[in-house]
Amino acid sequence: MDLNSIPLWAVGAGILAILFAFYFAKSVLSNSPGNAKMQEISKAIQEGAMAFLNREYRTLTPIVIIIGIVLLFAKNWETAISFVVGSVLSAVAGYIGMSITTRANCRTTEAARSSLNKALGVAFRGGAVMGLAVVGLGLLGVTLLYLAFKDLDMINSFAFGASAVALFARVGGGIYTKAADVGADLVGKVEAGIPEDDPRNPATIADNVGDNVGDTAGMGADLFESYAATTIAAMLVGASVFKSVDAGLPGVMLPLFLGVAGIIATIISSFFVRTGENANPQSALNLGLWGTNLLTAIAAYAICHSILPAALVVGDITITPNSVFMAIIAGLVVNVLIGLITEYYTSNQKSPAQSIAKASETGAATNIIAGLAVGYKSTTLPVLVICAAIYVSHAAAGTFGIAIAAMAMLSTAGIVVAIDSFGPVADNAGGIAEMAGLEANVRKTTDKLDSVGNTTAAVAKGFAIGSAALTALALFNAYAELVHLEMINVLVPKTIIGVFLGAAVPFLFSAFTMEAVGKAAFQMIGEVRRQFREIPGIMEGTGKPDYRACVDISTKAALREMIVPGLLAVVVPVIVGFGLGKDALGGYLLGGTVAGLLLAIFMSNAGGAWDNAKKYIEAGNLGGKHTPTHEASVVGDTVGDPFKDTSGPSMNPLIKVMGTISLIIAPFLM
């Protein structure tokens, strides 16, 4: 096969993904948005979400410009352009996805009045717009920059631009959504005793907006970054490993071709996501996910045998098409296993979450103790899976095997983002049904979808964490290649200092983000209490809450509090690299990746388990709602909210920013 034609395939696949994103968007918008009340609520959610996104990107613009100018003078104009393009395309993907998911919510509610399958289709296609925009723009951006500059070092900063936006999107979106959620839960559900999406709750619109800015824009930016960073890292490692064969072209082109296969597999599998009226919607979404993995694996086998040399000896490892294919399978298997493990520890149908619910019978303290224990336990199996994938992929194809395993995992990001973004659409649909006072069977249908959405969100978080770990490792290998770092000697003082600093930063970063949620939630709780106290007739339904005030609190708090943790992530690697040298920066990456990975798994799974323990009780178990057991579970869930939706997910872009910025400064550390 002509290797030089592969970038054209990649450009075509990127354009195809964007075209199908618009096709799915048109399909969603062709559905009825429901009655005037439903449209009014949906519009309020949409306006709040897009206003936040606009203000967030306006806040980030000066930061992007400053970093771009620094790169222009410190390196060259190509590096600066790549950084800006990465930042802009990440923002564009967020805009495209958010503009549709916030319109799909009321259409899903209306579809739920007639059919579960129709509602599932609308919600999933709304999420698929985001998923296809992420992988389409990611592959298109990397490929076009490669064609323009023909220099992988110059397009490193594309991933750094994506990383910077993802970090702020994750942190800002997480602070926003959890400030609103905590205020809505503690004052509305516990103190006032009203349902979560009751229109009398002043924080309910902000809560629904938060679902979108956190789980749609935040997750989309996170995986856009992973996708871009992994593709570039795999191309860099591939160029080095295959340098004796066609100037490294087979190693450079394989990641791009895998991206093509993943996009086509995602589009095909999307059309098989459908369900019966009495079936479990989870099975339909699983079919899309498993189908994408299977089709990608089949395509990968053909790709490896069509573009890789029959055998290449690198050190003591012989790389063959079959050995590289084994590394790809290792990456795809991580997809499945991480999802299953995450589901086990977070599902309300499994014993971990149920044990937390049981502990709630003796109060909030025992609920929190049980939740922490579940979170700590949940780190072991994912780490073992990642370790096994690293071992197998390295044994199969050395450092290139690890990089290509990460790329294989990320090649399915389109379907993962689609089923993750499905969650906020389904959640909003249920909220609209409640606030619009629709018939009980509609809420029953949307609750089915929402329940599945909670599981898919947890699975997607697991995917994001696993992919972040492999991406960070691929970036570390690429950094080691660039600075000729053959080993990390922890007996050297500067190196061990780097390890300790790297391990400390995720904890400090988590402290900043947890405090930010606490401060914002404090303001939100005060505002909701004020409205209940001062606005006449709220509880009777004759007075209207001031939803806009709560939206404004979340927005301002998120934008104000996201700056310090974001700058911490960007500045510290630069200080370590220039202050202590390349070995210390290698140690920093090692410490940061390990600590960040473990914290991410612990916080995300503990938070998910707390959430579903509460839902297990709300389903009528252990006394059900409005009991001391339920109140204890709400407190646990409130603690878990910033764990699973702010600090935990923010670890992913944090450890990747460490890697991408290290690649940028690597030439100065030689």
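The values are calculated or read from the model by the stated rules, or taken from the named source; none is laboratory data. Bear in mind the structure is a predicted one, so any value in this text is a computation, not a measurement. Methodologically, a virtual Cβ is constructed for each residue, glycine included, from the backbone with ideal geometry; neighbour enumeration extends over all protein chains shown. Side chains included, ligands, DNA and RNA excluded: accessible areas come from the protein's heavy atoms. Shrake-Rupley method; radii C 1.70, N 1.55, O 1.52, S 1.80 Å.
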Every residue from the range 425-456 that is of a type outside the set (A, V, I, L, M, F, W, C) and in a loop (DSSP other than H, G, I, E, B): GLY437, GLU439
Filter pass, PHE532 being touching a Pro at 6+ places or on another chain (Cβ under 8 Å) and over 20 Å from ALA206 (Cβ atoms): no
Any hit, the range 240-259, residues being at pLDDT 90 or above and more than 28 Å from ASN156 (Cα to Cα): no
Out of ALA606, ALA613, ALA584, sole residue that is part of a helix (DSSP H, G or I), of a type in the set (A, V, I, L, M) and more than 28 Å from the chain's Cα centre (by Cα): ALA584
All positions within the range 576-588 that are open to solvent by less than 10 Å² (accessible area, probe 1.4 Å) and either of a type in the set (A, V, I, L, M) or modelled with pLDDT under 90 (or both): VAL576, ALA584, LEU585
Residue list for the range 469-525, restricted to those being assigned to a helix (DSSP H, G or I), of a type in the set (Val, Ile, Thr) and open to solvent by 70 Å² or more (accessible area, probe 1.4 Å): ILE497
Restricting the range 430-468 to residues that are among the basic types (Lys, Arg) and surrounded by fewer than 24 Cβ atoms within 10 Å (Cβ to Cβ), the residue that is farthest from SER347 (Cα to Cα): ARG443
Residue tally, condition in contact with a Phe, Trp or Tyr (Cβ under 8 Å, 6 or more places away or on another chain) and of a type in the set (Val, Ile, Thr), over the range 264-284: 2
Checklist (1) modelled with pLDDT under 90; (2) surrounded by fewer than 24 Cβ atoms within 10 Å (Cβ to Cβ) applied to ARG170, failing item: (2)
Complete set of residues in the range 367-395 that are in contact (Cβ under 8 Å) with a residue 40 or more places away in the chain, open to solvent by 20 Å² or more (accessible area, probe 1.4 Å) and of a type in the set (S, T, N, Q): THR379
Residues of the range 69-93 that turn out to be surrounded by fewer than 21 Cβ atoms within 10 Å (Cβ to Cβ), farther than 30 Å from PHE20 by Cβ and out of contact with any Asp or Glu (no Cβ under 8 Å at 6 or more places or on another chain), as a count: 8
Any hit, the range 323-330, residues being within 30 Å of PHE602 (Cα to Cα) and open to solvent by 60 Å² or more (accessible area, probe 1.4 Å): yes
Criterion (on the phi > 0 side of the Ramachandran plot and buried (at least 21 other Cβ atoms within 10 Å of the Cβ)) met by exactly one of GLY423, GLY398: GLY398
Residues of the range 94-108 that turn out to be in contact with a Leu (Cβ under 7 Å, 6 or more places away or on another chain) and surrounded by 24 or more Cβ atoms within 10 Å (Cβ to Cβ), as a count: 2
Qualifying residue in the range 241-250 (condition: within 23 Å of the chain's Cα centre (by Cα) and of a type in the set (Val, Ile, Thr)): no
Number of positions in the range 344-362 that are buried (at least 24 other Cβ atoms within 10 Å of the Cβ), within 26 Å of the chain's Cα centre (by Cα) and assigned to a helix (DSSP H, G or I): 5
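To keep it simple, each residue is scored yes or no on (1) of a type outside the set (Val, Ile, Thr); (2) out of contact with any Cys (no Cβ under 8 Å at 6 or more places or on another chain); (3) under 21 Å from ALA619 (Cβ atoms).
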{"site": "ALA311", "(1), (2), (3)": "yes, yes, no"}
{"site": "ILE328", "(1), (2), (3)": "no, no, no"}
{"site": "ILE338", "(1), (2), (3)": "no, yes, no"}
{"site": "ILE341", "(1), (2), (3)": "no, yes, no"}
{"site": "SER351", "(1), (2), (3)": "yes, yes, yes"}
{"site": "ILE356", "(1), (2), (3)": "no, yes, yes"}
{"site": "GLY371", "(1), (2), (3)": "yes, yes, yes"}
Matching entry among ALA166, ALA128, ALA162, ALA180 (being more than 30 Å from ILE6 (Cα to Cα), in contact (Cβ under 8 Å) with a residue 40 or more places away in the chain and aliphatic (A, V, I, L, M)): ALA180
Subset tally (residues that are among the charged types (D, E, K, R) and within 14 Å of TYR547 (Cβ to Cβ)) for the range 38-66: 3
Check on SER270, hydroxyl-bearing (Ser, Thr, Tyr), surrounded by 20 or more Cβ atoms within 10 Å (Cβ to Cβ) and within 18 Å of ILE404 (Cα to Cα): no
Hey, GLY607 open to solvent by 10 Å² or more (accessible area, probe 1.4 Å) and either within 21 Å of ALA365 (Cβ to Cβ) or of a type outside the set (Asp, Glu) (or both) or not: no
Selection status of GLY14, surrounded by 15 or more Cβ atoms within 10 Å (Cβ to Cβ) and not in a helix (DSSP H, G or I): no
Within the range 206-244, tally of residues that are farther than 13 Å from GLY174 by Cα, open to solvent by 10 Å² or more (accessible area, probe 1.4 Å) and touching a residue at least 40 places away in the same chain (Cβ under 8 Å): 5
Residue list for the range 268-280, restricted to those being in a helix (DSSP H, G or I) and under 22 Å from the mean Cα position of the chain (by Cα): SER269, SER270
Some residue of the range 532-539 being buried (at least 17 other Cβ atoms within 10 Å of the Cβ), touching a helix residue (DSSP H, G or I) at 6+ places or on another chain (Cβ under 8 Å) and part of a loop (DSSP other than H, G, I, E, B): yes
The range 413-433 residues that are farther than 22 Å from LEU223 by Cα, paired with ones that are open to solvent by less than 10 Å² (accessible area, probe 1.4 Å) and small (Gly, Ala, Ser) (beta carbon under 8 Å, 6 or more apart): ASN428/SER42; ALA429/ALA112; ALA429/ALA119; ALA429/ALA123; ILE432/SER42; ALA433/ALA112
